[in-house]
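Report on the structure given below.
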Amino acid sequence: MPIERVAIIGLGLLGGSIGLAVQAHLPGMQTTGWDSDPATRKRAAERGLVGAVCDTAPDAVAEADLVILCVPVGAMGAAAAAIAPGLKAGAVISDVGSSKQTVAKALAEALPGHPVIPAHPVAGTERSGPDAGFASLFQQRWCIITPPDDADAAQVAALSAFWEALGATVEIMTPQHHDMVLAVTSHLPHLIAYTIVGTADDLEDVTQGEVIKYSAGGFRDFTRIAASDPTMWRDVFLTNKDAVLDMLQRFTEDLTALQKAIRMGDGQQLFDHFTRTRAIRRSIIEEGQDDARPDFGRSDHGDG
């Protein structure tokens, strides 16, 4: 299945980055785009995020072989309904959402008869909007594709090749497994970050600004994660709530065990736990998913 024309619905961080990455790595591919926000459409056109920014969703997808929905997961159904009148027969529908079971269900219900192959590029920053995108966002990152059981193999291969051309490494898994894995590697850490930063904010009156003034590296990194798009993460937690609640229960049990170790003065348990987690950090660096340099080698385009 050749992909010659791609439509991007939602021109924020991920949608804009896809548009720029296509121009950088697949210059022969035509791109169109649409966003529900007129101001975003205007800015996307100014930045040249896609070849043509359209005034309506049906216009954007009219000739597309591949349509990628880059909207919050809670808005997937509405976005699919908006593009439905303009879709040509056989156009493949995909997305970039961080939860997959609910997205697959919403898209299949909104677009019966169209092939739906959900995907999730595991890349991002705390920034959002049409000014946030950049072409190298997907370099050396994973893109997880979760095709339904009856997906066409050629279409899955074409979508995989598309993401690989943008610099990503593709992994195929079931939607259920994806949601469980992402609950612990992404969703739970964000929930913890939001909680810690919120707690610090609640203490602000007591500490008279010291939480901010003396912010150490650990808290600073939590604030970076907690600056992520509120709409997106609200929807992620609501659409992947079963897996998130399961992982949150496990985390709570582990936290209680550490709390007991501190109370009982069990230094050996603390040391053993910290040694094990330190090894995980080294494994992440060895896999090329982060950098061992100070501040993790982060530039202005940190990873979310």
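The numbers here are math on the coordinates, done by the rules we state, and not lab data. All values derive from a computational prediction rather than experimental measurement. Here the Cβ is made from the backbone with ideal geometry for all residues, glycine too, and neighbour counts use every protein chain on show.
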Spelling it out for Cys143: with amide H atoms placed in the peptide plane at 1.01 Å from N, the residues 5 or more places away or on another chain with amide H under 5 Å from its amide H are Val122, Thr169, Val170, Glu171
Among beta bridges assigned by DSSP with both residues in region 5-173, the antiparallel ones amount in percent, to the nearest 5, to 15
HN-Hα couplings for region 168-182 via Karplus (6.51, -1.76, 1.60; θ = phi - 60°), in whole Hz with x for Gly/Pro, come out as 8, 9, 8, 10, 9, 8, 6, x, 5, 5, 4, 5, 5, 4, 5
Of the candidate values (i) 20.8, 66; (ii) 22.0, 79; (iii) 21.0, 71, the one computed for Rg and Dmax of the Cα atoms in Å from this structure is (i)
Restricting to lysines and to Cα separations under 29 Å from Lys260, and discarding same-chain partners fewer than 8 apart, the set is Lys241
What the Cα atoms of region 82-225 span along the principal axes, largest first and in whole Å, is 61, 30, 29
Least to most buried among Asp266, Asp149, by other C-beta atoms within 10 Å and fewest first, runs Asp149, Asp266
The size of the Cβ-based charge dipole (Lys, Arg +1; Asp, Glu -1) of the chain about the Cα centre, to the nearest 20 debye, is 340
Ranked on Cβ counts within 10 Å of their own Cβ, fewest leading, Thr185, Thr239, Thr223 go Thr185, Thr223, Thr239
Cα-based Rg then Dmax for region 5-173, in Å, read 14.1, 41
Rounded to whole angstrom, the alpha-carbon centroid of region 61-126 lies from that of region 1-45 at a distance of 14
Under a Gaussian network model of the chain whose springs join Cα atoms within less than 10 Å, the largest fluctuation of Gly97, Gly265, Gly48 belongs to Gly265
Of the residues Phe251, Ala183, Trp233, the Cα lying farthest along the dipole of region 177-264 towards its positive end, which is defined by charges on the beta carbon of Lys, Arg, Asp and Glu, belongs to Phe251
Connecting every pair of Cα atoms under 10 Å apart in the chain and solving the GNM, the largest mean-square fluctuation among Glu286, Glu63, Glu46 falls on Glu286
